[in-house]
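Below: the structure, in structure tokens.
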Amino acid sequence: MVVGDPYAGKSSIIKVLQDAMSAIKNDPKFVNVLTYFCNPKSITQNQLYGVFDMDTQEWSDGVLAIKIRDCAESESPDRKWICFDGPVDAVWIENMNTVLDDNKKLCLNSGQIIKLKPTMTIMFQVDDLSQASPATVSRCGMVLLESGQLGHNVHITSYCASLRDLFEPKTCDKLEKYFHYMVDLCVEFTRVNCKFPCPGTGAFVVQHIIKMVQCYV
């Protein structure tokens, strides 16, 4: 489980690790990595795992069941990371307990059991674990990311670096200098004087400033 606030870098560290391992796949200790993302709260539990239709007496597989079966039946040596990018709560995560423990089996209501291969990894990207049960938390390894440690200046540096293909380096350097100065003032001003309908960090504000600058420029 990768735990942290929005803009803490959860998606980025997973992508960087995937790219790094794939880049050195010629090394015998590493192989290519494939990542599959799913938001478990964007669909119903029946659409996620599957449902038995009482009218037709047929079982319809869910999104997760299909993806895990495809990965389990694949003969490819590639590593497969199935990443759940969304909140963890007791409504849907309890069905994953047999997947997360030593058995590594997905048990469906249809009676089918899908055994995970050693090349498969289940990941979670979550803001917090307030709704997760101790049984779920104890089955997972944790990586905690604090957005305060990352700061918001890295977003400005990254954005200005992406402009170097469009503008002269001298212009980008000057823009980045002014950007850092003004954004620090703006973030502090909003923190002291403004009310947020939704809680947001400095990085959240900076991302919106960048989008506004892009829009006007």
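Using θ = phi - 60° in the Karplus curve 6.51 cos²θ - 1.76 cosθ + 1.60, the 3J(HN,Hα) couplings for the stretch 64-77 round to 5, 4, 5, 5, 5, 5, 4, 5, 5, 8, 5, 8, 5, x Hz; x is entered for Gly and Pro. Return the calculated 222 nm mean residue ellipticity for the chain, to the nearest 500 deg cm²/dmol, obtained by summing -39500 (n - 2.57) across DSSP H runs with n ≥ 4 and dividing by the residue count. It comes out at -13000 deg cm²/dmol, rounded to the nearest 500. The Cα atoms of the chain cover 64, 47, 35 Å along the three principal axes, with the biggest extent listed first. Considering only LEU175, LEU34, LEU150, the Gaussian network model of the chain with Cα springs below 10 Å gives its largest mean-square fluctuation to LEU175. Extension gain, ALA135 to ASN95, is 13.2 nm, computed as 0.36 nm per intervening residue step minus the present C-alpha separation.
Quick one: work out the % antiparallel among DSSP beta bridges in the stretch 1-123, nearest 5. If I count the DSSP bridges inside the stretch 1-123, around 40 percent turn out antiparallel. For the residues MET142, MET54, MET96, a GNM of the chain with alpha-carbon springs under 10 Å puts the largest fluctuation on MET54. What lysines could a cross-link reach from LYS67, if we take a straight Cα to Cα line under 16 Å and drop same-chain neighbours fewer than 8 places away? Counting by Cα, and skipping residues close in sequence, LYS67 has these lysines nearby: LYS80, LYS104, LYS105, LYS115, LYS117.
Compared with the dominant Cα axis of the chain, that is its longest principal axis, helix 202-216 is turned about 70°. Relative to the longest principal axis of the Cα atoms of the chain, the long axis of helix 169-193 makes an angle of roughly 80 degrees. The Cα-based radius of gyration of the stretch 151-216, divided by its Kirkwood radius, gives an Rg/Rh of 1.01. Among the chymotrypsin sites (Phe, Trp or Tyr not before Pro) in the stretch 1-91, those placed in a DSSP loop whose Cβ has at most 14 other Cβ atoms within 10 Å are PHE30. On a C-alpha basis, how far is the centre of the stretch 1-29 from the centre of the stretch 88-149 in Å? Whole number, if you could? Going from one Cα centre to the other spans 18 Å. Backbone phi angles across the stretch 23-34, fed through the Karplus curve with coefficients 6.51, -1.76 and 1.60 (θ = phi - 60°), yield HN-Hα couplings of 5, 10, 5, 6, 5, x, 7, 10, 9, 5, 10, 10 Hz in residue order; Gly and Pro are listed as x.
The magnitude of the dipole of the chain, with charges of +1 and -1 set on the Cβ of Lys/Arg and Asp/Glu and taken from the Cα centre, is near 480 debye.
Using DSSP to define loop residues, name the trypsin sites (Lys or Arg not before Pro) in the stretch 173-217 whose beta-carbon has at most 12 other beta-carbon atoms within 10 Å. Answer in residue order: LYS195.
Among beta bridges identified by DSSP and lying wholly in the stretch 68-217, the antiparallel ones come to about 35 percent. Loop-located GluC sites (Glu not before Pro) in the stretch 51-160 (DSSP state other than H, G, I, E, B) with a sparse environment of at most 11 neighbouring Cβ atoms within 10 Å: GLU75, GLU146. For ASP85, nonlocal amide neighbours, meaning residues 5 or more places apart or on other chains whose placed amide H falls under 5 Å from its own, are CYS38, ASN39, GLN125. Average 1/r across all pairs of distinct alpha carbons in the stretch 1-123, invert it, and you get the Kirkwood radius: 15.8 Å. Could you tell me how many degrees, from 0 to 90 and to the nearest 10, lie between the Cα long axis of helix 153-162 and the main elongation axis, the longest principal axis, of the Cα atoms of the chain? The two axes meet at around 90 degrees.
A short reminder: the numbers here are calculations on the coordinates, not readings from a lab. Treat the numbers as computed from the prediction; the structure is a model and nothing was measured. Cβ sites come from the backbone with ideal geometry, for glycine too, and all protein chains shown count toward neighbours.
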